[in-house]
Amino acid sequence: EAQVTQNPRYLITVTGKKLTVTCSQNMNHEYMSWYRQDPGLGLRQIYYSMNVEVTDKGDVPEGYKVSRKEKRNFPLILESPSPNQTSLYFCASSPLPTGAGGYTFGSGTRLTVV
Amino acid sequence: AQSVTQLDSQVPVFEEAPVELRCNYSSSVSVYLFWYVQYPNQGLQLLLKYLSGSTLVESINGFEAEFNKSQTSFHLRKPSVHISDTAEYFCAARMNTGFQKLVFGTGTRLLVSP
C-alpha cells in the first residue's frame, strides 16, 4: 500500500530534550515536506526537500532541522524543543515534476512540550 | 504570491441538510485547486481536485466543487450531509507552472448534528 508513515503518533517531552520525528514514504517520491497544524492557522510549511541532499526552509523553520540522506526518509529534528512547538505535525510527499497532483500525507504526530 | 482564504472557521449543520464550504484563492497565474478532508485523529486525505476542463468536479462520497475563475472561488458543496461528514476541510492551491508547493487555507470545521 502506498503510504507515508510517521512515528511516533503521540509524543510528550520536556523543554530542551532533543527529539526526532521520523517520516518514510514508499512511493519513490522526490518531494517531501513537513507541516505543522495549529488551531486557526491551518497548515504551515516547516521545511521541504526536492530530492536527496536538497532541503530548504518553508514558512516557519525556526527551531527545526531536517535531513534527506535517503529518498524515502525525511526526519524532523527538534534540537531543543520549547512549549511553542507543541503542535500537530504532518509529513507529506509528492512526485516530481508535476503540478497536477496533490500530496500524500502521513497520519500525523501530536507533540506536546512541557 | 498566492493565497487561499476560507472565511468560515466552523459550519454547523443538521443531518440531511445541504452545505457549502467557501474557498477563495488569489494568484497571478493559473492554479490547480484541491479540497482535503481531515477526519478526527487522522491525516489529510484528498477529497477532490480541479486541474483543467470541466469546472465542476465530484468526489466519490457526494461532495462537489465548482471552479469559478471570475470569482476566484472553489466552493465545496454537498446536497445532503451525513453525521460521518463531520471533519475539517482544507482548501489548497498550487500554481500550474512547473513544480510549486501547495498553499493551504486555514480550514473549515464541518459539524453535522442529528
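Observations, loosely collected:
- Residues in segment A:29-43 that are modelled with pLDDT of 90 or more and surrounded by fewer than 16 Cβ atoms within 10 Å (Cβ to Cβ): A:38 only.
- Checked against (1) away from chain B (no Cβ under 14 Å); (2) surrounded by fewer than 20 Cβ atoms within 10 Å (Cβ to Cβ); (3) hydrophobic (A, V, I, L, M, F, W, C), residue A:60 passes all but a single condition, namely (1).
- Test: residue in segment B:45-55 that is facing chain A (nearest Cβ under 10 Å) and part of a loop (DSSP other than H, G, I, E, B): yes
- All of (1) closer than 25 Å to residue B:40 by Cα; (2) among the aliphatic types (A, V, I, L, M); (3) more than 10 Å from chain B (Cβ to nearest Cβ) hold for residue A:43 with one exception: (3).
- Among the conditions (1) farther than 21 Å from residue A:103 by Cα; (2) modelled with pLDDT of 90 or more; (3) among the β-branched types (Val, Ile, Thr), the only one that residue B:55 does not satisfy is (2).
- Among the residues of segment B:14-44, those that are closer than 27 Å to residue A:88 by Cα, surrounded by fewer than 20 Cβ atoms within 10 Å (Cβ to Cβ), in contact (Cβ under 8 Å) with a residue 12 or more places away in the chain and within 12 Å of chain A (Cβ to nearest Cβ) comprise B:39, B:40.
- Remark: pairs (first residue in segment A:60-72, assigned to a loop (DSSP other than H, G, I, E, B); second residue among the small types (Gly, Ala, Ser); Cβ separation under 7 Å; 6+ apart in sequence or on different chains) = A:63/A:82; A:68/A:49; A:72/A:24.
- Residue list for segment B:58-110, filter: loosely packed, with under 15 Cβ neighbours inside 10 Å and aliphatic (A, V, I, L, M): B:60, B:83
- Qualifying residue in segment A:18-38 (condition: more than 13 Å from every other protein chain (Cβ to nearest Cβ), under 22 Å from residue B:38 (Cβ atoms), among the β-branched types (Val, Ile, Thr) and part of a strand (DSSP E or B)): yes
- Count of segment A:73-114 residues which are more than 14 Å from every other protein chain (Cβ to nearest Cβ), in a loop (DSSP other than H, G, I, E, B) and either surrounded by fewer than 17 Cβ atoms within 10 Å (Cβ to Cβ) or under 10 Å from the mean Cα position of the chain (by Cα) (or both): 7
The values are calculated or read from the model by the stated rules, or taken from the named source; none is laboratory data. From a predicted model like this one, the values you see are computed outputs, not experimental measurements. Neighbour counts are summed over all protein chains in view; Cβ atoms, including those assigned to glycine, are modelled from backbone coordinates with ideal geometry.
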